[in-house]
Amino acid sequence: MTHDHDLVLRPTAAQTEAALNPPPGRNGGDLVVETLAGLGATTVFGLPGQHALGMFDALRRSDLRYIGLRVENNAGFAADAYGRVTGEAAPLLLSTGPGALTSLAALQEARAASAPVLAISSQVPTAGLGGGRHGYLHELPDQAASFRGVVKSVHTVRTQSQIPSAIAEAWTSALTVPHGPVWVEIPQDVLLAETPVPVVTGGDTFPEELPPRPELTAVAADLLARAERPAIIAGGGVVRADASTKLRQLAERLQAPVVTTFGGKGAFPWTHPLSLQSWLEDRHTTDFLEDADVLLVVGSGLGELSSNYHTFEPRGRVVQIEADLGKLESNHPALGIHADARLALQALLETVEEPRTDPTAPERVREVLDKVRARIAAQELTLEQDVLAAVRKALPSRAPSFWDMTILAYWAWSAFDPEAPNAMHSAQGAGGLGYAFPAALGAAAADPTQPVLAVSGDGGALYSIAELATARQYDLNVTWLIVDDGGYGILREYMTDAFGEPTATELTRPDYVALAESFGVPGVRTSPESLAADLASALAAPGPSVVVLPAVLRMFAPTHLG
């Protein structure tokens, strides 16, 4: 009798030949790039440094494409976007100490957004591991400790023979749901020494699936089938699991209205009769969801933004499907189902067989959206709505967009139709500045066939100016819209509301058009009236471009302050 675990893949003749007769001059860095190629990687991001030179030298002996950014944090944002767009683990090559630590904010965003990033850093020579305080350049007592609270898993390599397995293990961790960033560190001497380890010719890994427990989906299906006023909150887990079609099928079968979280934008068609769109920061939507007798939450932890700043108080039963075990019932009691969204929705579809008839559901959705529109209209925010409409008009359907933490992005979370799943991304997971432009560069590297839009305020743009050089060097097809309001606009509003006047929010900034042109990137200064045409023209032109909109935008009034 043969068991699956007894089967061993025999090497091919080519693999045997490569193992017995490796090319001369290989080092530990070659083992890194060979393993990445064997796992299926085609593109790597990063920034070289003294301790990491063994990896970067090995790149020239490989077929991997390298996209080098100017700041490690920006390289991390680019890898994050590449992972979000492709669903693959995006390799990020970094150096020790300051280089490694500079990537932390990007890795925090990747963890919050469940973006698969495979960060591989150098380390001081092996003798310096363990806090020996030898005084090596960039030495930290415990570099890995800085990352353990940020990434999914940490893997420290001490010998060359450990490199292929450590990277494969990290790759599997990054792609096991919930996806996320992982950290591998390899000492400088291990990377530089000539290696007797054979050429790495394989590397397939198979991340385990996360199916739901059948007894739980049976209970959930029964609750939903008997519900009189079911509703659904669809989070980013639906998008990452490519489960949008299954979500729509279940919603239509249940006649359950659907609202998407800001991370779940595009998970449900914006104009569908059951679509409550993304107006989560609105009391009318909150009231509607609270009134549901059974609320299905898929791929969301119901965190601060998704719960209207924790003012959401459901009165009915909550069924929560979530791949991150720590998020189950972390904010509200629920029937918690630890599972991948796609597999759980499929199980519910197979169990909830009879379609539910409720002609009032679309009418109730229209009533909520009408109330939301009336509330916004009463605030005289025509400029903001016109600017957002101009962006939507200019951006080709299904083209990806990346949004920084800026007022126009806050509007877009609630009011922008991405027109496709996995097409709109922002840094609202961790909330750091500087995400949009480098992330858009990563997406453009993943798919050069369509334009990519980045949206920043002038404050966030200053985090990423250096990457105009990256955009030009690799001729990446990204249009960068910079809304210039002279400072940190949203913080200006927050401080004025809280204290009567702002402090530390006003900024001296450059002439962004002239600055872009100094990098060889075309730039144009636009107005709200000409934005749609100028932005469309920039998006249609190949290569990078910058569009600057001088405008002071305002946020719509919140509803969570009582």
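Computed from the coordinates by the stated procedures, all read-outs in this text should not be read as laboratory data. No experiment lies behind these values; they were computed from the predicted model shown. So basically every Cβ, Gly included, is an ideal-geometry build from the backbone, and we count neighbours across all protein chains shown.
Distance between the modelled labels on ASN21 and LEU325, one decimal in nanometres: 5.0 nm (7 Å Cα→Cβ projection).
Each principal axis of region 148-197 carries a Cα extent, and these read 37, 19, 11 Å when sorted largest first.
Provide the net charge surrounding GLY457, with neighbours chosen by a C-beta distance below 15 Å and charges set as Lys +1, Arg +1, Asp -1, Glu -1. Net charge in that neighbourhood comes out at -4.
For SER146 and TYR494 in one chain, what is 0.36 nm times their gap in residues minus the Cα-Cα distance, to one decimal in nm? Provide the component values of the computation, followed by the final result.
Values: separation 348, 0.36 × 348 = 125.28 nm, distance 3.14 nm.
Extending this stretch completely gives an extra 122.1 nm.
Taking a point 7 Å from the Cα of LEU462 along the Cα-to-Cβ direction, the residues of region 499-536 with backbone N closer than 13 Å to it are 504-512.
One entry in (1) 41, 32, 20; (2) 37, 30, 21; (3) 57, 28, 21 is semi-axes √(5λ) of the Cα gyration tensor in Å calculated from the shown coordinates; its label is (1).
For the ranges 179-186, 330-337, what's the packing order if you count other beta-carbon atoms within 10 Å of each residue, average per peptide, and put the highest first? Show your work: numbers first, answer last.
Values: 179-186: 28.4, 330-337: 18.0.
Output ranking for 179-186, 330-337: 179-186, 330-337.
Please work out the C-alpha center-to-center distance from region 346-383 to region 514-534 and express it in whole Å. Centre-to-centre (Cα) distance: 38 Å.
Placing +1 on each Lys and Arg Cβ and -1 on each Asp and Glu Cβ, with no other charges, gives region 33-110 a dipole about its Cα centre of roughly 160 debye. Couplings 3J(HN,Hα) of region 298-314, computed from phi: 10, x, 9, x, 6, x, 4, 6, 6, 10, 6, 6, 6, 8, 6, 10, x Hz, in residue order, whole Hz [Karplus 6.51 cos²θ - 1.76 cosθ + 1.60, θ = phi - 60°; x for Gly and Pro].
Only helical runs count toward this figure. For the chain, summing -39,500 (n - 2.57) over DSSP H runs of n ≥ 4 and dividing by all residues gives -11000 deg cm²/dmol at 222 nm.
Shape verdict for region 401-494, please, from the Cα gyration tensor: rounded (a/c under 1.5), prolate (a/b greater than b/c) or oblate. The partial results should precede the final answer.
Working: a/c = 2.19, a/b = 1.27, b/c = 1.72.
Because a/c hits 1.5 or more and a/b fails to exceed b/c, region 401-494 counts as oblate.
Given axes a ≥ b ≥ c from the Cα gyration tensor, I'd like to know whether region 371-528 is rounded (a/c under 1.5), prolate (a/b larger than b/c) or oblate. It comes out oblate by the Cα gyration axes. Quick one: net charge of LEU561's neighbours, Cβ under 15 Å, K/R +1, D/E -1? Around LEU561, the charge tally is -3. Cross-link reach is defined here as a Cα-Cα straight distance under 17 Å, omitting same-chain residues fewer than 8 places apart; for LYS371 the aspartates and glutamates meeting it are GLU281, ASP282, ASP287, GLU290, ASP291, GLU363, GLU380.
Only one residue of SER330, PRO23, SER518 has its Cα farthest out toward the positive end of the dipole of the chain, where Lys and Arg carry +1 and Asp and Glu -1 on Cβ, and that residue is PRO23.
Taking the Cα centre of region 138-237 as origin and assigning +1 to Lys and Arg Cβ atoms and -1 to Asp and Glu Cβ atoms, the resulting dipole is close to 380 debye. Evaluate the Debye formula for region 17-125 with equal point scatterers sitting on the alpha carbons, no solvent, and hand back log10 of I(q)/I(0) at q = 0.24 Å⁻¹, in q order, two decimals. The Debye formula, applied to the Cα set alone, gives -1.33.
For every other residue with a beta carbon closer than 10 angstrom to the beta carbon of PRO273, add +1 if it is Lys or Arg and -1 if Asp or Glu, then tell me the sum. Local charge sum for PRO273: -1.
Quick check on the chain: of the DSSP beta bridges with both residues there, what percent are antiparallel, nearest 5%? Could the numbers behind the result be given before it?
Values: 2 of 62 bridges.
In the chain, DSSP labels about 5 percent of beta bridges as antiparallel.
Is the shape of region 292-382 best called rounded, prolate or oblate, per the rule: a/c under 1.5 gives rounded, else a/b larger than b/c gives prolate, else oblate, with a ≥ b ≥ c the square roots of the Cα gyration tensor eigenvalues? It comes out oblate by the Cα gyration axes.
Computed from point charges on the beta carbon alone (+1 for Lys and Arg, -1 for Asp and Glu), the dipole magnitude for the chain about its Cα centre is near 300 Debye.
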